[in-house]
Amino acid sequence: MAVKGERIELRASPDEKALVKRAAALTHRSISEFVINSAVKAARRAVKEHEEMALSRQDSEAFVQALLNPPKPNEGLRTAAQRYKRATNL
């Protein structure tokens, strides 16, 4: 188990605190253990949702095809590339 030295403070309404206290008791944990466990689970879920992308089979195939056979750059893309090169002195 990792050494826990960091503190997290929060404010809750009396009803919220009572609910958390009840849930902690029902799961045989302290309030701190319950809150940190719940917060870590929610944090991992939030990070995963923002860092991972799930594609359908059709979308996956279209993505791979676009990588393997990219379309030729259109005029807008060529203009943007030239503007970028001038702006960055490349």
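For the range 24-57: of the residues being among the charged types (D, E, K, R) and more than 15 Å from Ile8 (Cβ to Cβ), which is surrounded by the most Cβ atoms within 10 Å (Cβ to Cβ)?
Among residues in the range 24-57 that are among the charged types (D, E, K, R) and more than 15 Å from Ile8 (Cβ to Cβ), the one surrounded by the most Cβ atoms within 10 Å (Cβ to Cβ) is Arg29.
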Original post:
Using beta carbons and a limit of 8 Å, which pairs, at least six apart or on different chains, have the first residue in the range 38-57 and at pLDDT 95 or above and the second one assigned to a loop (DSSP other than H, G, I, E, B)?
Top reply: Ala39/Ile8
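The values are calculated or read from the model by the stated rules, or taken from the named source; none is laboratory data. Note that the coordinates shown come from a computational prediction; the quantities given were computed from them, not determined experimentally. In this analysis, Cβ positions are derived from the backbone assuming ideal geometry, glycine residues included, and neighbour counts consider all displayed protein chains.
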